[in-house]
Amino acid sequence: MTKTSVGSSIHTAFTVDPLTRPPFAAGFARQRDEIMRRMAPTLVLQGDRDEVIRQPVTDGVVSRLCGEGTTVDYPRYPLADHGSILGTSMNDLMRWVAQRFDARPPTVSDICALGTSARE
């Protein structure tokens with residue numbers, strides 16, 4: 001599996017969708033339901049060039065979090081892909097996390113408050 005994470009495409013890594021096959025489907029469903037409950041403000045990062053977790057998938061997660069009442073900050077990075085998103089966003093990520101621990105944390109930029117069209 002290590003080889004898959006360093007160069008094989010998603011199409012060669014998986015011959016079937018693991019989200020639809022036992023025993024993975026039930027485990028993924030439980031995990032999804034658990035993380036989709038309302039929670040503390042959440043930062044979701046997306047690289048527009050990500051071919052592993054494509055933007056429409058992330059948009060769906062963000063929409064569901066918004067529907068549960070979670071405040072979601074959802075910056076997108078036009079030049080980042082799955083392998084570069086962390087490095088590309090690291091300064092923003094570190095600043096965001098540090099702000100959560102401030103004595104008076106600033107208001108989180110909430111894409112949910114902007115409505116559905118802002119998430120597309």
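The values are calculated or read from the model by the stated rules, or taken from the named source; none is laboratory data. Predicted model only: the values in this text are computed from it and were never measured. Glycine gets a Cβ as well: all are built from the backbone with ideal geometry, and neighbour counts include every protein chain shown.
So here's what we get for this one:
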{"read-out": "Criterion: farther than 19 Å from ARG32 by Cα, of a type in the set (Val, Ile, Thr), over 13 Å from the mean Cα position of the chain (by Cα) and surrounded by 12 or more Cβ atoms within 10 Å (Cβ to Cβ) - qualifying residue of THR70, THR88, THR107", "value": "THR88"}
{"read-out": "Residue match in the stretch 40-48 (condition: among the small types (Gly, Ala, Ser), buried (at least 17 other Cβ atoms within 10 Å of the Cβ) and under 13 Å from the mean Cα position of the chain (by Cα))", "value": "yes"}
{"read-out": "Members of the stretch 79-106 that are closer than 26 Å to ARG54 by Cβ and among the small types (Gly, Ala, Ser)", "value": "ALA80, GLY83, SER84, GLY87, SER89"}
{"read-out": "Subset of the stretch 49-67 (residues that are over 12 Å from the mean Cα position of the chain (by Cα) and closer than 24 Å to ARG95 by Cα)", "value": "ARG49, CYS66"}
{"read-out": "Residue that is farthest from GLY60 (Cα to Cα) [pool: residues in the stretch 92-112 that are outside any helix (DSSP H, G or I) and without any contact (Cβ under 8 Å) to a residue 24 or more places away in the chain]", "value": "ALA103"}
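One line per residue, one yes/no per condition, for (1) in a helix (DSSP H, G or I); (2) within 22 Å of LEU114 (Cα to Cα); (3) at pLDDT 95 or above:
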site	(1), (2), (3)
ASP33	yes, no, no
ARG37	no, yes, no
ALA40	no, yes, no
VAL57	yes, yes, no
VAL61	yes, yes, no
CYS66	yes, yes, no
THR70	no, yes, no
MET90	yes, no, yes
